[in-house]
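J.: This is the structure, below, for whatever I ask next.
The values are calculated or read from the model by the stated rules, or taken from the named source; none is laboratory data. Because the structure is a prediction, the values reported are computed rather than measured. Heads up, the Cβs are rebuilt from the backbone with ideal geometry, glycines too, and the neighbour counts pull from every protein chain shown. The protein model used for the area step is the full one, side chains on, heavy atoms only, and it has no ligands, DNA or RNA in it. Shrake-Rupley method; radii C 1.70, N 1.55, O 1.52, S 1.80 Å.
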Amino acid sequence: MAGSRPRRHDHAVTLRRGVGAFGVGLRRPHFEQLEQLTQAVDFVEIVSENFFRFGGRPRQVLESLRGRLPIIPHGVGLSIGGPDPLSERYLDDLDALLRWLDPPWFSDHLSYSSAFGVEYHDLIPLPFTEQAVRQVVQRIQQVQRRLGRPFMLENPSYYLRMPGAEMTEAEFLTEVVERADCGLLLDVNNVYVNATNHRYDAAAFIDAMPTDRVWQLHMAGHDASGEFLVDTHGSAIVPAVLQLYEHTLRRLGPTWTLVEWDHDVPPLALLLAESERLCVTASRILAEPPAGAAHASPAPTLAPPKAGHGPPPDAQRSMQTMHALLRGQTSAEAAAAVLGAPLVRLRAYQRFVRAHVQGVLDKNYPTLRALLGEARWQPLCAAYFAQVPAQEAELNAAAEQLPAFIEAQLAAGASALTAFHAELALVEWEEFAAYVDPARIPAPGELQHLALNPTLRALQLRHAVGSFLADWRAWERGERAAAPPEPDATTAGETVFVLRDPITQGYRTCVADAALLLAFKAAHDQLTVPAAAALAGVDQGRVERALAEATALGVLVAPTTAPAEGPEA
């Protein structure tokens, strides 16, 4: 793709007072405030993988925004610098997303996020070497040929410098984007974090960037509470980063700027206030008369190698060492001996990678977690992480195998878990799966007769999981005085329906009683009301009431004028 700035998006983007376009990351807590969002920003950015093969509410939100403002996919799973071949499935998913959204560009990170068949869901740094430049450039060109759209790489935050460096970070980044002929997504917060952690001049780094390659900026908050800065995207932008943003604007002029806030996501009003603060800053800085001399700080320099470490290992050995560290197959002390890196930073990477999986387990299995308590939940998650490596770039997929894992643990004699826990986990996973099911629920006007909800999951369970969940959630809402007891082995099983509600697009779980099973049978086999009544040995009124109940619950989808007779023969 051409290295100059790509043309502006076909959708009209008003550059506020001529000082740039300003946007925010689109996150699930703000899905219900889209009108307020679209009135306040010029564009939004999404995490690419969060919308691969997803339907339901996530797809509906993008559909409502598409055509009203640019939606820019920003990935974390391309793994442009990884040792494994680029994933064809990933590229297919990304290609489909890009074709649908038609963004001005898309982006990912100059790092790797998977290796040796395992997804880390984190950004692992590359060595600043000529070999790494050549590999990354070749893979960028492969991506650009495959997808045919302008592509940007972001300068990532990194907490250890991989051994064998032959150039500075600024030189490495510049070499990659120039030789690959791609854009640069310049993350100003990452520049500040890296400059502080690795002791170089942040403004000089900005000065060293090829300005014609910078199409977009990121601004975010970080955590300064530990021994080094951590790029968290979980707080407001600090004054020092805002000051570096001012310096960047003086070099770039008007550009696209995005506020990233991914953790402890605030109310939308606060997020939009951060974006407006950047707009006001840009208005003030770009109204200044042209500066005289350019920033004169010395360019970043490469620290001399530490004495006593000998020649650095090659990149493959470094990646293998990092892999063993992140998978818990070697200690931080052993990895430090190979990589020459501080223990505290190696342990931080271990913690980050484990925390991603822990977080997605916590999110997808909230009832199981609460029922087990932390004393049983945490060891279960630790064992799962150790034994079930993530295989998909989409983070939620890392939690999918927990029900089967619990079953395997039970078969191996685990005493802290029961078969009920495995079935509870299954229902909670199916609730998430129904929420994002790519199947489209037909609109009433598209139907000729009652039809099954295409997102419906019918689960035949050995325990009364659906009844337990209904009581548990009623207790959480304060509608019950006490939490329900766990069903024991003597409790009868039940069939549970899990589905995405056609109206709210949220998931719904209900126990399939005799009436729902009758309606399910009638719709599944496309029986008329008389035929269903004769088959079940009941009167037609009972069938009609069952069909109406199933439709009200979303198990069935009715045409605009729902016939009392049910499906056609």
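J.: Go through region 139-192 residue by residue and tally those that are at pLDDT below 95, among the small types (Gly, Ala, Ser) and either on the phi < 0 side of the Ramachandran plot or under 21 Å from the mean Cα position of the chain (by Cα) (or both).
T.: Number of matching residues: 1.
J.: Just to be sure, is GLU119 open to solvent by less than 10 Å² (accessible area, probe 1.4 Å) and either over 29 Å from ARG199 (Cα atoms) or under 26 Å from the mean Cα position of the chain (by Cα) (or both)? Can you show your working first?
T.: Working: open to solvent by less than 10 Å² (accessible area, probe 1.4 Å): no; either over 29 Å from ARG199 (Cα atoms) or under 26 Å from the mean Cα position of the chain (by Cα) (or both): yes.
Here the answer is no, as GLU119 does not meet what is asked.
J.: Let me spell it out: the conditions are (1) buried (at least 16 other Cβ atoms within 10 Å of the Cβ); (2) out of contact with any Lys or Arg (no Cβ under 7 Å at 6 or more places or on another chain); (3) within 27 Å of ALA40 (Cα to Cα); (4) touching a residue at least 12 places away in the same chain (Cβ under 8 Å), and PRO266 meets all of them except one. Which number is the exception?
T.: For PRO266, the exception is condition (4).
J.: Answer yes or no as to whether ILE72 is in contact with a helix residue (DSSP H, G or I) (Cβ under 7 Å, 6 or more places away or on another chain) and in contact (Cβ under 8 Å) with a residue 12 or more places away in the chain. Steps first, please.
T.: Numbers: in contact with a helix residue (DSSP H, G or I) (Cβ under 7 Å, 6 or more places away or on another chain): no; in contact (Cβ under 8 Å) with a residue 12 or more places away in the chain: yes.
Considered against the rule, which asks whether it is in contact with a helix residue (DSSP H, G or I) (Cβ under 7 Å, 6 or more places away or on another chain) and in contact (Cβ under 8 Å) with a residue 12 or more places away in the chain, ILE72 comes out as no.
J.: Would you please name the residue that is farthest from the chain's Cα centre (by Cα), looking only at residues in region 411-452 that are β-branched (Val, Ile, Thr) and part of a helix (DSSP H, G or I)? Spell out the reasoning first.
T.: Step one: of region 411-452, the residues β-branched (Val, Ile, Thr) are 418, 427, 436, 441.
Still in the running and part of a helix (DSSP H, G or I): 427, 436.
Details: VAL427: 22, VAL436: 13 Å.
Step by step, filter region 411-452, then rank; the result is VAL427.
J.: So TYR90 ticks every box in (1) surrounded by 23 or more Cβ atoms within 10 Å (Cβ to Cβ); (2) of a type in the set (Phe, Trp, Tyr); (3) more than 20 Å from ALA439 (Cβ to Cβ) but one. Which box is left unticked?
T.: So the condition that TYR90 fails would be (1).
J.: Also: Would you mind telling me which numbered condition in (1) under 30 Å from PRO438 (Cα atoms); (2) in contact with a His (Cβ under 9 Å, 6 or more places away or on another chain) GLY506 fails?
T.: So GLY506 meets the others, but not (2).
J.: Across region 466-485, what is the number of residues that are open to solvent by less than 60 Å² (accessible area, probe 1.4 Å), part of a loop (DSSP other than H, G, I, E, B) and among the hydrophobic types (A, V, I, L, M, F, W, C)?
T.: So the answer is 2.
J.: When both residues are 6+ apart or on different chains and their Cβ atoms are under 9 Å apart, which pairs have a first residue that lies in region 542-560 and is closer than 15 Å to ASN453 by Cβ and polar (S, T, N, Q), and a second that is open to solvent by less than 10 Å² (accessible area, probe 1.4 Å) and assigned to a helix (DSSP H, G or I)?
T.: Correct list of pairs: THR551/ALA519.
J.: Of all residues being in contact with a strand residue (DSSP E or B) (Cβ under 9 Å, 6 or more places away or on another chain) and of a type in the set (A, V, I, L, M, F, W, C) in region 178-204, which is surrounded by the most Cβ atoms within 10 Å (Cβ to Cβ)? Just the residue, please.
T.: LEU185
J.: Could you go through region 32-54 and let me know if any residue there is at pLDDT below 95, surrounded by fewer than 23 Cβ atoms within 10 Å (Cβ to Cβ) and on the phi > 0 side of the Ramachandran plot.
T.: yes
J.: Shifting gears a bit: Those residues that are assigned to a helix (DSSP H, G or I), open to solvent by 10 Å² or more (accessible area, probe 1.4 Å) and among the hydrophobic types (A, V, I, L, M, F, W, C), I need them from region 381-397; list them, please.
T.: Scanning region 381-397 gives ALA382, ALA383, PHE385, ALA386, LEU395, ALA397.
J.: Among the listed residues LEU547, LEU535, LEU518, identify the single one that is in a helix (DSSP H, G or I), open to solvent by 60 Å² or more (accessible area, probe 1.4 Å) and of a type outside the set (Val, Ile, Thr).
T.: Numbers: LEU547 fails: open to solvent by 60 Å² or more (accessible area, probe 1.4 Å); LEU518 fails: open to solvent by 60 Å² or more (accessible area, probe 1.4 Å).
Exactly one residue qualifies, and that residue is LEU535.
J.: Where residues in region 419-461 are polar (S, T, N, Q) and modelled with pLDDT of 95 or more, which of them is most open to solvent (accessible area, probe 1.4 Å)? Lay out the reasoning, then the answer.
T.: So the first thing to find is which residues in region 419-461 are polar (S, T, N, Q), and the list is 448, 453, 455, 460.
Imposing the further condition that a residue be modelled with pLDDT of 95 or more reduces the set to 453, 455, 460.
Working: ASN453: 5, THR455: 0, GLN460: 138 Å².
For region 419-461, the residue satisfying everything is GLN460.
J.: Let me ask something additional. Inspect region 230-251 for any residue being touching a Gly at 6+ places or on another chain (Cβ under 7 Å), in a helix (DSSP H, G or I) and of a type in the set (Lys, Arg) and give the result as yes or no. Steps first, answer last, please.
T.: Going residue by residue through region 230-251, those that are touching a Gly at 6+ places or on another chain (Cβ under 7 Å) are 232-238.
From what's left, in a helix (DSSP H, G or I): none.
Taking every residue of region 230-251 in turn, none turns out to be touching a Gly at 6+ places or on another chain (Cβ under 7 Å), in a helix (DSSP H, G or I) and of a type in the set (Lys, Arg).
J.: Taking region 205-230, which residues are open to solvent by 30 Å² or more (accessible area, probe 1.4 Å) and either free of Cβ contacts under 8 Å to residues at least 24 places away in the same chain or not hydrophobic (A, V, I, L, M, F, W, C) (or both)? Reasoning before the result, please.
T.: Just the residues of region 205-230 that are open to solvent by 30 Å² or more (accessible area, probe 1.4 Å), to begin with: 207-208, 211-212, 223-227.
Once the filter is applied, which keeps residues that are open to solvent by 30 Å² or more (accessible area, probe 1.4 Å) and either free of Cβ contacts under 8 Å to residues at least 24 places away in the same chain or not hydrophobic (A, V, I, L, M, F, W, C) (or both), region 205-230 yields ASP207, THR211, ASP212, ASP223, ALA224, SER225, GLY226, GLU227.
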